[in-house]
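Submitted below is the structure of interest, expressed as structure tokens.
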DNA sequence: GTCTATAGACCGATAGAC
DNA sequence: GTCTATCGGTCTATAGAC
């Protein structure tokens, strides 16, 4: 029983990475099974369909994101520092994003095109960030616009990730991160700096 | 001969749309042939491999983009109006972007994950917009930062498109477009409005 | 009779599913 | 480990215009 839990986790971890690097559809059962070094027969003991794996991967990402946000909260007690933490993700994960884009953005885009049943679950990843960012802006006394500000930060980051992936220009990423930080700093001190 | 050119164009048009709506990999030969109402055998008379179709589709998109930019230049003689035209695309194509994302962004992201030989060609679509936007900013007297400003507008639009597709929130799109326009207006009057 | 365009049988490989 | 469907891709046959 202990072993089965571990194997399952390994499958999810391998699928998670492969879905990110190659895309969901382009990743075959065989590729996942090979990565975990188990037979395809054994594989079906854990997951019956490919959609089941995807659901598990998304659930795992949701849990991982929740943990990451909690850690950010612990490490940065002030809302500004927390938001800055989020903004810097695109720099911290620079190489991955340059190679494969944002894991959230690219997955939701793919599932939208596939009209996949797991699409809402993937969207929940976005919502989790939005809610969290919204809370930080609310804590800054911007309750009324908290959601809009959160979405702005989210969208800005997505744009950076997309172009980083397309052009591979690290300087561009740094420049835009600075721009977003400057916007953030200006906004925290004045009431409505960017209308 | 005349007929063949027309059929070829129809194939490219159908593939273009299907690649956009369903993604490149998820679109089969059969699906394209069905859309054009020709047999699969006839299909191979025009294109030998799937990559050939993709290359033709990208080339077609490049040509279409070139035409669109020229039209914008004709319709809006001033750089500011032209840039605004670009910014408004995300509103003009609202439903498509909500359903399928940005055609350029989602294609480059997919090809990056597939490590596809056509990836550079797809990136050229981005570069075409960047160059054009850069020219407009240069015409505004911002030669030194023209490229950076162009990339900012491009990234911002990509972010809007990604979140529009993920969340389907039309109000968000309008809000962010206004924000970007405000940034543009502020930037044109002052030397360096955003650092 | 040649050339263009079309159709459809057919192939090996591999996918997901059980 | 086997099954079936479908994938991208190849091949040949043929219909009609010139």
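Taken together, the values in this text are just the output of simple stated rules run on the coordinates, not laboratory data. Just so we're clear, the structure is a prediction, and the values are computed from it rather than from any experiment. Cβ placement follows ideal geometry from the backbone for every residue including glycine, while neighbour counts extend to all protein chains displayed.
Which residue in chain B puts its Cβ closest to the axis that rotates chain B onto chain A, and at what distance in whole Å?
Minimum Cβ distance to the axis, with residue: B:159, 2.
For chain A, what is the calculated [θ] at 222 nm in deg cm²/dmol (nearest 500), taking -39500 (n - 2.57) for each run of four or more DSSP H residues and dividing by its residue count? Display every interim value, and only then the final one.
Numbers: 10 runs with 158 residues, N = 195.
Here the helix-only value at 222 nm equals -27000 deg cm²/dmol.
So what is the orientation-averaged projected area of the stretch B:55-195, using the convex hull of its C-alpha atoms, in nm²? It would help to have the intermediate numbers written out before the result.
Values: hull surface 34.7 nm².
Computing the convex hull of the Cα atoms and averaging its projections yields 8.7 nm².
Determine the shape class of the stretch A:1-118: with a ≥ b ≥ c the square roots of the Cα gyration tensor eigenvalues, call it rounded for a/c under 1.5, and otherwise prolate if a/b is greater than b/c, oblate otherwise. Working shown, then result.
On the way: a/c = 2.29, a/b = 1.64, b/c = 1.39.
Because a/c hits 1.5 or more and a/b exceeds b/c, the stretch A:1-118 counts as prolate.
Then there's this: Running a GNM on chain B with Cα contacts under 10 Å, which residue among B:38, B:83, B:58 ends up with the highest mean-square fluctuation?
Maximum fluctuation in the GNM of chain B, among the listed residues, is at B:38.
Let me ask another. Where the label is 7 Å out from Cα toward Cβ, how close does residue B:21 come to the same position in every other copy, in nm, shortest first?
Those label-point separations list as 3.4 nm.
Sort B:111, B:91, B:140 so that the residue with the fewest other Cβ atoms within 10 Å of its own Cβ comes first and the one with the most comes last. Show your work: numbers first, answer last.
Numbers: B:111 22, B:91 14, B:140 17.
So the residues, fewest neighbours to most, are B:91, B:140, B:111.
Right, here's the next one. In nm, what does the list of distances from residue B:135 to its counterparts in the other copies look like, shortest first, when each label sits 7 Å along Cα to Cβ?
Here residue B:135 shows inter-copy label distances of 4.9 nm.
A follow-up question, please. Relative to the first principal axis of the alpha-carbon coordinates of chain A, what is the inclination of helix A:170-189, with its axis defined by its Cα atoms, in degrees from 0 to 90 and to the nearest 10?
50 degrees
Ok, one more. Comparing B:77, B:120, B:103, which has the greatest mean-square fluctuation in the GNM of chain B with Cα pairs linked when under 10 Å apart?
B:77
Rank these for me by crowding, A:92, A:185, going from fewest to most other beta carbons within 10 Å.
On the way: A:92 9, A:185 13.
Listed from fewest to most nearby Cβ atoms, that is A:92, A:185.
Using a/c under 1.5 as the rounded threshold, could you call the protein assembly as shown rounded, prolate or oblate? The axes a ≥ b ≥ c are square roots of the C-alpha gyration tensor eigenvalues, and prolate needs a/b larger than b/c, oblate otherwise.
Working: a/c = 2.17, a/b = 1.06, b/c = 2.04.
It is oblate, given that a/c is not under 1.5 and a/b is not larger than b/c.
Counting other beta carbons within 10 Å of each Cβ, put A:100, B:137, A:29 in order, fewest first.
Details: A:100 21, B:137 25, A:29 15.
Going from sparsest to densest Cβ surroundings: A:29, A:100, B:137.
A follow-up question, please. Once the label point is placed 7 Å from Cα along Cβ, list for residue B:114 the distances to the corresponding points in the other copies, in nm, shortest first.
1.5
Which shape class, rounded, prolate or oblate, goes with the stretch B:1-42 when its Cα gyration tensor gives a ≥ b ≥ c as root eigenvalues, a/c under 1.5 marks rounded, and past that a/b bigger than b/c marks prolate? The partial results should precede the final answer.
Numbers: a/c = 3.02, a/b = 1.67, b/c = 1.81.
Oblate, because a/c is 1.5 or more while a/b does not exceed b/c.
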